[in-house]
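Single-structure report; data block below.
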């Protein structure tokens, strides 16, 4: 069962790819069209780069889930334009989140408001994802994230968790989500095979204090990784109990690649090959 569960997690993997120069070429070189690619949005650069990369990848045959950040949408007319653009680009999935700009561009302060404004147009999409936070968000209180989950869940099809390095924290959060009555499938966010220094800097930048402390506190584990690459083998192994719990409804893993696609996909395929040989 553990081997089967691990294989399930790895085969049901999503890859997050930032819309930077060369991203399309990296995806096409390293990823097959059997995996889903998600494309975040930068508060500084806006939604255009996210949509442009998503459109190009969709034309190349990839299943794409672009981020639609509520705080980057000006008003309902702008929202309709964006939804029209997604549908015209052959994109049938979208990930709706508040986004990180400290001040909204218009009337939408959070994901729930934008989902509500989509109204009947939500039915135009096969899947609508929302965010979950196993750890406290650096800008949003725990009370607000709980309230927001209740508001968003009826208008969504799945949850993707924020990056977290601690399987116990993730499992406890999943159990709490279920205890509160939210039953959407959950994709668990884990780091890909990424340079350790980059991971540590990202956890500090996005406010994942508990995860940063967790990494620093596991000296023996970290010392083996600093000189090379972080590989999420241990974390994914530790997630097997929650992944095999039917009540948890874990759909798979969401790989935060930080655009280190070749290394992350190589790790995934080598692990699958090793499991097949056992």
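Bear in mind these aren't lab numbers, they're just calculated from the coordinates by the rules spelled out. What you see is a predicted model, and the numbers here were worked out from it, not measured in a lab. Backbone-built Cβ (ideal geometry, glycine too); neighbour counts: all protein chains shown.
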Taking the DSSP beta bridges in segment 1-147 as the whole, what percent of them are antiparallel, to the nearest 5?
5 percent
Out of 166, 34, 21, any idea which swings most in a Gaussian network model of the chain, alpha carbons joined below 10 Å?
21
Under a crude label model (7 Å from the Cα following the beta-carbon direction), how far is residue 123 from residue 48 in nanometres?
3.5 nm
With contacts defined as alpha carbon pairs under 8 Å and 6 or more residues apart, what's the relative contact order of segment 32-125 in percent?
29 percent
Compute the angle between helix 48-59 and the longest alpha-carbon principal axis of the chain, please, reported from 0 to 90 degrees and rounded to the nearest 10.
70 degrees
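What's the FRET efficiency of residue 103 with residue 169 using the Cβ-Cβ distance as r and R₀ = 41 Å, to the nearest 0.05?
Values: r = 31 Å, r/R0 = 0.75.
Computed FRET efficiency for residue 103 and residue 169: 0.85.
Residue separation times 0.36 nm, minus the C-alpha to C-alpha distance between residue 88 and residue 151: what's the value?
On the way: separation 63, 0.36 × 63 = 22.68 nm, distance 2.86 nm.
Between residue 88 and residue 151, full extension yields an extra 19.8 nm.
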How are the Cα pair distances of segment 1-141 distributed, in percent, across 5 Å bins from 0?
2, 9, 19, 21, 19, 14, 10, 4, 1, 0, 0
For helix 142-152, report the angle its Cα long axis makes with the longest principal axis of the Cα atoms of the chain; keep it between 0 and 90° and round to the nearest 10°.
60 degrees
Over the Cα atoms of segment 61-187, each weighted equally, I'd like the Debye log10 I(q)/I(0) at q = 0.23 Å⁻¹, rounded to two decimals.
-1.45
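Expressed as a whole percent, how much of the Cα-Cα distance distribution for segment 1-43 exceeds 14 Å? The partial results should precede the final answer.
Numbers: 511 of 903 pairs.
Of all Cα-Cα distances in segment 1-43, 57 percent exceed 14 Å.
Arranged by the count of other C-beta atoms within 10 angstrom, fewest first, what order do 238, 4 take? Could you put the intermediate results ahead of the total?
Numbers: 238 16, 4 11.
The order, fewest Cβ neighbours first, is 4, 238.
For residue 201 and residue 183, compute 0.36 nm times the residue count separating them, minus their Cα-Cα distance, and round to one decimal in nm.
Numbers: separation 18, 0.36 × 18 = 6.48 nm, distance 3.32 nm.
Contour length minus the Cα-Cα distance gives 3.2 nm.
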At residue 238 and residue 275, where each label point lies 7 Å from the Cα along Cα→Cβ, what is the point-to-point distance in nanometres?
1.9 nm
For the Cα atoms of the chain, what angle does the longest principal axis make with the long axis of helix 2-11, in degrees from 0 to 90, nearest 10?
40 degrees
Expressed as a rounded percentage, what relative contact order does the chain have, with Cα pairs under 8 Å and six or more residues apart?
21 percent
